[in-house]
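Colleague: Quick one: the structure is below, questions incoming.
The values are calculated or read from the model by the stated rules, or taken from the named source; none is laboratory data. Quick caveat: nothing in here was measured; it's all calculated off a predicted structure. So basically every Cβ, Gly included, is an ideal-geometry build from the backbone, and we count neighbours across all protein chains shown. For the accessible areas, the whole protein counts, side chains as well, though only heavy atoms, and no ligand, DNA or RNA atoms are used. Shrake-Rupley method; radii C 1.70, N 1.55, O 1.52, S 1.80 Å.
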Amino acid sequence: MATERLLAIGGEECRVVVGRRALLRLAPLLREAAGAERWAIIADSRVAALHGEAMLARLREGGLAAALFRFPAGEEHKTRESWARLTDELIAAGIGRDAAVLALGGGVTTDLAGFVAATYLRGVPLALVPTSLLAMIDASVGGKCGVDVPAGKNLVGAFHQPRLVLADPEFLRTLSEADLRDGLAEAVKHAAIADAEHFAWLGTQAPRLLAREPDAIDTLLDHSIAIKAETVLADPHERGQRAILNFGHTIGHALERLSGYAVSHGKAVAIGMSVEAALGAAAGVTDPDAPAAIARLLTGLGLPTRLPPGTDAGALLEAAAGDKKRRNGTLRYALLARIGAAAPSADGAWTHAIPEALARRVLAETTFRASPARP
Ligand SMILES: NC(=O)c1ccc[n+]([C@@H]2O[C@H](COP(=O)([O-])OP(=O)(O)OC[C@H]3O[C@@H](n4cnc5c(N)ncnc54)[C@H](O)[C@@H]3O)[C@@H](O)[C@H]2O)c1
Ligand SMILES: [Zn+2]
């Protein structure tokens, strides 16, 4: 059964419908969400090939006019260039102010299509149908959208709340194993910052989650989306507490960027959480038992916990400093207090300055090294 939440975020209402068979209700829900004459469906090449035609047919059968717009799959295409091409195509297709955007895809698509909706004709209504686990539990809730630029990830963007988010686990059937694991990384993040019991549950469910057992996936979606929604509701424009969702992301984003996006977002965040848990422990902010608990859970879910061999700590910190989490020149991190709780800071920012020397030491300790050969 699908569950429903009505989130009032920053004065705007967003209906979040999650669960099996939710897709059957898409057309009527879209009509309620926005009285749009036409829906511009935006999908990446991979999702368009798998689900584009079925989505067009579903909308048309539901009495809605729809057209499909594609961009090449991959984080490296979450760019101003893709935004420019898509907005030009919408103009060429005569999409007007009476239309709305439907993002169909993973987090790259919800971020990029969200930014198109935020800016096209100074903003048109947006609905999201996330198709990756990561987008279902994280990227689709909260209203942040945007693109990556050479200086860093998500540096150009907007807040644009979707009117509707509809997450049906049916889509996960076609998701690759690697992309499923990426989503599990953000689920670990949610549990680590907010819910120790859910963290423990995740530890017992790895085989079921990796096998996509519907009951386990339902519980995961429900808990993770609840945590994301509560965190966003408490701080819609990220003035303070919402920063805790960036746990693992200061290092994670830097690693993604440094690798030219060869390391996926989920894997980078998994490594980022391991490193930042160790940083927090070394700085006396995080419970010293937390890093091992995080590493154990991530390993059980088949996710990496160490920086790739040969990672240049200086270059990584440089890449992180180009990221927006830098305040007053010092690199700041969202850290855990312990498993299930983020660490507040005295200034209310929920981020902690870590001296570079300490960061370099921890980065060296958390870089993957082949075990020394036996004598
Ligand atoms: N706005 C936010 O609050 C927020 C939060 C978390 C992450 N993000 C962003 O999300 C992005 C990562 O999301 P992602 O991991 O979903 O990346 P993604 O959108 O690139 O999807 C990963 C891969 O899975 C494919 N895919 C998606 N759904 C599929 C399906 N049902 N079947 C088969 N293949 C499918 C995609 O084509 C892509 O190749 C990053 O850019 C990150 O910055 C944003
Ligand atoms: Zn993330």
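Colleague: Kirkwood Rh over alpha-carbon pairs of the chain, then Stokes-Einstein at 20 °C and 1.002 mPa s: what D in µm² s⁻¹, rounded to an integer?
Modeller: 103 µm²/s
Colleague: Can you work out the PRE-style zone for PHE368? Point 7 Å along Cα to Cβ, and I want the residues of the range 237-269 with backbone N under 18 Å.
Modeller: 251-269
Colleague: Also: Quick one: what does P(r) look like for the range 273-359 with 10 Å bins over all Cα pairs, in whole %?
Modeller: Histogram of Cα-Cα distances, whole percents per bin: 17, 45, 34, 4.
Colleague: So what is the accessible area of the range 49-175 per residue, in Å², with the probe set to 1.4 Å?
Modeller: 36 Å²
Colleague: Taking every pair of alpha-carbon atoms in the range 221-375, give the share separated by more than 29 Å as a whole percent.
Modeller: The proportion of pairs with Cα distances above 29 Å equals 14 percent.
Colleague: Taking the Cα atoms of the range 192-301 alone, what are Rg (to one decimal) and Dmax (as a whole number) in Å?
Modeller: When restricted to Cα atoms, the range 192-301 yields Rg and Dmax of 14.7, 40 Å.
Colleague: Moving to a separate point now. With the crude spin-label approximation of a point 7 Å out along Cα→Cβ, what separation in nm comes out for ASP222 versus LEU24?
Modeller: 1.9 nm
Colleague: Separation of the range 172-194 and the range 109-166 by C-alpha centroid, Å?
Modeller: First find each Cα centre; the distance between them is then 19 Å.
Colleague: Hey, can you grab everything whose amide H is under 5 Å from the amide H of LEU307? Only 5+ residues off in sequence or another chain; H modelled, so Pro and N-termini drop out.
Modeller: For LEU307, the qualifying residues are THR367, PHE368.
Colleague: May I pose another question? How far, in nm, would the chain grow between THR174 and GLU213 when pulled straight, counting 0.36 nm per residue and subtracting the alpha carbon separation?
Modeller: Value of the extension gain: 12.6 nm.
Colleague: Still on this structure, I have one more. Output wanted: per-residue J couplings in Hz (rounded whole) for the range 194-200, from phi through Karplus 6.51 cos²θ - 1.76 cosθ + 1.60, θ = phi - 60°, x for Gly and Pro.
Modeller: 9, 8, 5, 5, 5, 4, 5
Colleague: Could you derive backbone 3J(HN,Hα) for the range 201-218 from the dihedral phi with the Karplus parameters 6.51, -1.76 and 1.60 (θ = phi - 60°), listing whole Hz in sequence and x where the residue is Gly or Pro?
Modeller: 4, 4, x, 9, 10, 3, x, 5, 5, 5, 8, 6, 5, x, 5, 5, 5, 4
Colleague: Roughly speaking, what is the stretch gain from GLU318 to ARG80, that is 0.36 nm per residue apart minus the C-alpha to C-alpha distance, in nm to one decimal?
Modeller: Between GLU318 and ARG80, full extension yields 83.4 nm more.
Colleague: Next up: In degrees between 0 and 90, to the nearest 10, how far off the longest principal axis of the chain does helix 80-92 point, with axes built from Cα atoms?
Modeller: 0 degrees
Colleague: Still on this model: Contact order normalised by length for the range 95-237, with contacts defined as Cα pairs under 8 Å and 6 or more residues apart; what percent is it? Before the final figure, lay out each step's value.
Modeller: On the way: 217 pairs, mean separation 31.9, N = 143.
Across the range 95-237, relative contact order equals 22 percent.
Colleague: Show me the trypsin sites (Lys or Arg not before Pro) within the range 221-301 that DSSP assigns to loop and that have at most 16 other Cβ atoms within 10 Å of their Cβ.
Modeller: Of the trypsin sites (Lys or Arg not before Pro), the ones in loops of the range 221-301 whose Cβ has at most 16 other Cβ atoms within 10 Å are ARG239.
Colleague: Something else: So what is the 222 nm mean residue ellipticity for the chain from helices alone, if each DSSP H run of at least 4 adds -39500 (n - 2.57) and you divide by all residues, rounding to the nearest 500 deg cm²/dmol? It would help to have the intermediate numbers written out before the result.
Modeller: Working: 13 runs with 154 residues, N = 375.
Estimated from H runs of four or more residues: -12500 deg cm²/dmol.
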